[in-house]
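The values are calculated or read from the model by the stated rules, or taken from the named source; none is laboratory data. Here the structure is a predicted model, which is why all the values come from computation and not from measurement. Counting neighbours? That spans all protein chains shown, and the Cβs are built from the backbone with ideal geometry, glycine included. Side chains included, ligands, DNA and RNA excluded: accessible areas come from the protein's heavy atoms. Shrake-Rupley method; radii C 1.70, N 1.55, O 1.52, S 1.80 Å.
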Amino acid sequence: MRLDRLQPLGRALMLPIAVLPAAGMLLRLGQPDLLDIAFVAGAGQAIFAHLGLLFAIGVAVGLARENHGAAGLAGAVAFLVTTEGAKTLLQVPPEALAAFQDQAAKDLAAAAYVTTQLSKLSIPAGILSGIAGGMLYNRFANISLPEYLAFFAGRRFVPIIAGFVGLFGALLFGLGFPWLAGGIDTLSRWVVDAGALGLFVYGTLNRLLVVTGLHHILNNLAWFIIGDYHGVTGDLKRYYAGDPTAGAFMAGYFPVMMFGLPAACLAMYRSARPERRKAVGGMLFSLALTAFLTGITEPIEFTFMFLAPALYAVHAVLTGLSAVLMNALGVKLGFGFSAGLFDYVLGFGLSTRPLMLIPVGLAYFALYYGIFRFCIIRFDLKTPGREPEEALVAQADGEDTSRAGGFVGALGGATNFLRIDACMTRLRLELVDPARIDEPRLRALGAKGIVRPGGNALQVVLGPIADQVAGEIRDAVRSAGMAPAPVAATPPAAAAPAAAKAAATSPDESAGILAALGGDANIRSLSVRANRLLVDLVHPDRADEPALATFGVRGVTRSPAGTLHVLLPPTATGWAAKLAREDA
């Protein structure tokens with residue numbers, strides 16, 4: 001399987017995870033050992049209690065084209081039908097009701113039993129419901145129905161069909177609960193029984209998967225599924241529920257993120273050429289401080305990930321060893337966001353032996369500094385401040401006064417975008433032609449790394465500003481898309497062939513567009529993606545671009561795979577959707 005096929009899921013999982021810092025902060029601040037305000041703690045607990053629903057909504061929105069809210073509604077509908085339907089199918093064992101005599105008490109006990117049991121699977125149910133909601137939106141958002149049912153067509157149809165899909169989820173989780181729960185219990189026992197080996201493999205794999213962005217999938221397994229504490233599952237959820245054994249899958253990150261990687265920044269600064277230290281010092285200090293306070297480390301990791309893969313492999317192994325060491329010392333730490341100072345202080349009262357982080361962290365600081373300083377000097381790694389002079393000049397020439405405009409230009413122009421998204425630290429893009437990007441210019445604009453998962457996917461590592469930059473790029477592309485179509489430069493009478501002329505007089509614009517694309521027989525497939533048509537043609541050379549321009553098309557781009565990307569005018573929504581329906 002190509003890695004880019006999994007990219008949308010990894011990106012979508014970040015949307016519901018983004019609420020966890022608020023949940024953890026509210027829950028902790030309301031505890032008796034802090035502010036002792038019950039309703040604040042209750043507010044935080046409410047988020048943890050409904051994570052399944054939040055995953056259903058967030059994953060669906062993250063997977064849907066244009067991140068449309070109708071997909072989130074569909075995910076919520078699928079989740080509610082799945083969970084509530086499964087409750088009626090789940091069998092309550094007699095021993096769960098043996099202590100109760102009257103029927104009312106038995107009914108309450110049965111309801112409590114099924115709710116508690118299904119809560120263990122709420123996040124897997126939420127993720128599956130979200131995947132269903134997003135896929136259904138992408139498939140049926142433009143569906144047409146007979147006129148007497150037209151009110152339920154298009155996006156309104158998506159939550160309706162999601163409800164029926166949720167019935168299959170109810171059957172799966174209701175009738176299949178014993179096998180699903182048994183499988184998760186077996187997995188949990190295997191991971192726990194693996195002890196140091198399991199923690200080492202998890203910590204190492206987590207860092208190795210950062211390059212693909214798929215570490216979020218691995219984290220969801222450890223943080224939300226493994227283990228059980230009074231019906232609460234997952235290392236992160238159990239930690240905030242007060243489980244003294246929870247935190248093993250999070251504690252190992254603290255020495256690396258708060259001490260190790262900031263030490264790597266110091267080593268890079270000390271290894272920079274003396275005349276360049278002042279120029280790179282501010283950037284490295286900012287990266288180190290961000291890692292120490294918040295636990296966001298990807299911008300640091302991407303400064304050496306591709307430059308020295310072996311050094312990055314050592315970093316991944318040291319992360320795995322940190323998890324083993326902290327567990328061997330009996331240290332249990334947790335976080336709602338990441339392994340930084342803010343979460344360390346906030347969770348101090350819930351942690352086990354939290355002060356042990358200081359000596360372990362100082363040891364990791366010295367270890368990372370020594371390893372990085374040696375490798376940079378010994379192998380002459382071109383870390384920040386050690387780049388060749390010509391590379392520095394190229395970066396300076398790539399600067400742009402408008403940040404959004406600079407990124408749009410460096411990423412191939414407004415017509416090169418298929419999808420613009422962001423997670424915590426990186427832009428996650430789908431481009432018409434990824435080869436059109438200007439990497440030196442992107443780095444001059446602040447990119448810490450470029451990842452090419454495959455296909456049309458591209459990731460640009462920026463750090464915490466990624467989501468803000470993504471919004472600015474969307475606005476810039478949208479503004480560019482509102483420009484008038486370039487029709488006046490080429491008179492229709494001179495430019496358009498016979499097919500387009502006939503189409504211009506046709507009351508149905510879609511027929512003219514089909515003619516300009518070489519006729520219906522020339523189209524293998526056609527779909528609408530945001531503000532463009534994606535057309536796969538039998539004979540691409542038969543597409544008549546001047547004829548398409550007479551219908552207000554703003555541009556035509558041909559991808560390396562041969563797909564034609566037709567950039568639509570703002571008024572084209574109706575006939576574009578009709579074309580897609582006719583082709584389907």
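Evaluate region 67-86: report whether one residue or more is modelled with pLDDT under 90, more than 22 Å from Phe48 (Cβ to Cβ), open to solvent by less than 60 Å² (accessible area, probe 1.4 Å) and touching a strand residue (DSSP E or B) at 6+ places or on another chain (Cβ under 9 Å).
Yes - at least one qualifying residue is present in region 67-86.
Tell me, please, whether a residue that is polar (S, T, N, Q) and either surrounded by 19 or more Cβ atoms within 10 Å (Cβ to Cβ) or touching a residue at least 24 places away in the same chain (Cβ under 8 Å) (or both) can be found in region 37-48. Before you say what the answer is, go through the steps one by one.
Our first condition is that a residue be polar (S, T, N, Q); within region 37-48, this holds for 45.
Then drop every residue that is not either surrounded by 19 or more Cβ atoms within 10 Å (Cβ to Cβ) or touching a residue at least 24 places away in the same chain (Cβ under 8 Å) (or both), which leaves none.
Taking every residue of region 37-48 in turn, none turns out to be polar (S, T, N, Q) and either surrounded by 19 or more Cβ atoms within 10 Å (Cβ to Cβ) or touching a residue at least 24 places away in the same chain (Cβ under 8 Å) (or both).
What pairs come up if the first residue lies in region 250-264 and is within 17 Å of Leu205 (Cα to Cα) and β-branched (Val, Ile, Thr), the second is open to solvent by 10 Å² or more (accessible area, probe 1.4 Å) and in a helix (DSSP H, G or I), and their beta carbons are under 9 Å apart, counting only those six or more places apart or on different chains?
Between residues of region 250-264 that are within 17 Å of Leu205 (Cα to Cα) and β-branched (Val, Ile, Thr) and residues that are open to solvent by 10 Å² or more (accessible area, probe 1.4 Å) and in a helix (DSSP H, G or I), the close pairs are Val256/Arg207; Val256/Leu318; Val256/Tyr364.
Please return the ranges of strands (runs of 3 or more DSSP E) entirely within region 490-584 where 1 or more residues are open to solvent by less than 10 Å² (accessible area, probe 1.4 Å) and at pLDDT 60 or above. Steps first, please.
Numbers: elements: 523-529, 532-537, 555-558, 564-567.
Result: 532-537, 564-567.
Failed condition for Phe337, given (1) closer than 24 Å to Ala246 by Cβ; (2) modelled with pLDDT under 90; (3) in a helix (DSSP H, G or I), with all others met?
(3)
So if I check each of Gly169, Gly195, which one is crowded, with 19+ Cβ neighbours inside 10 Å and not hydrophobic (A, V, I, L, M, F, W, C)? Walk me through it before giving the result.
On the way: Gly195 fails: crowded, with 19+ Cβ neighbours inside 10 Å.
Being crowded, with 19+ Cβ neighbours inside 10 Å and not hydrophobic (A, V, I, L, M, F, W, C) holds for just one of Gly169, Gly195, which is Gly169.
Of the residues in region 185-231, how many are aromatic (Phe, Trp, Tyr) and under 19 Å from the mean Cα position of the chain (by Cα)?
In the first step, residues of region 185-231 are kept if they are aromatic (Phe, Trp, Tyr); the result is 190, 200, 202, 223-224, 229.
The next check asks that each one be under 19 Å from the mean Cα position of the chain (by Cα); those that pass are 223-224.
Here the count works out to 2.
Would you check if Leu307 is touching a Leu at 6+ places or on another chain (Cβ under 7 Å) and of a type outside the set (Lys, Arg)?
It is true that Leu307 is touching a Leu at 6+ places or on another chain (Cβ under 7 Å) and of a type outside the set (Lys, Arg).
Quick check on Thr319: is it part of a helix (DSSP H, G or I) and not charged (D, E, K, R)?
Details: part of a helix (DSSP H, G or I): yes; not charged (D, E, K, R): yes.
When the stated conditions are applied, Thr319 passes them.
Anything in region 112-130 that is over 33 Å from the mean Cα position of the chain (by Cα) and in contact (Cβ under 8 Å) with a residue 12 or more places away in the chain? List them, or say none. Quick ask: steps written out before the conclusion?
Of region 112-130, the ones over 33 Å from the mean Cα position of the chain (by Cα) are 112-113.
Tyr113, the sole residue that qualifies.
Does Val360 satisfy the condition of being in a helix (DSSP H, G or I), in the same structural domain as Leu266 (by the TED database), among the hydrophobic types (A, V, I, L, M, F, W, C) and open to solvent by 70 Å² or more (accessible area, probe 1.4 Å)?
Working: in a helix (DSSP H, G or I): yes; in the same structural domain as Leu266 (by the TED database): yes; among the hydrophobic types (A, V, I, L, M, F, W, C): yes; open to solvent by 70 Å² or more (accessible area, probe 1.4 Å): no.
Considered against the rule, which asks whether it is in a helix (DSSP H, G or I), in the same structural domain as Leu266 (by the TED database), among the hydrophobic types (A, V, I, L, M, F, W, C) and open to solvent by 70 Å² or more (accessible area, probe 1.4 Å), Val360 comes out as no.
Any residue at all in region 133-148 that is open to solvent by 50 Å² or more (accessible area, probe 1.4 Å), among the aliphatic types (A, V, I, L, M) and not in a helix (DSSP H, G or I)?
Yes, region 133-148 has at least one match.
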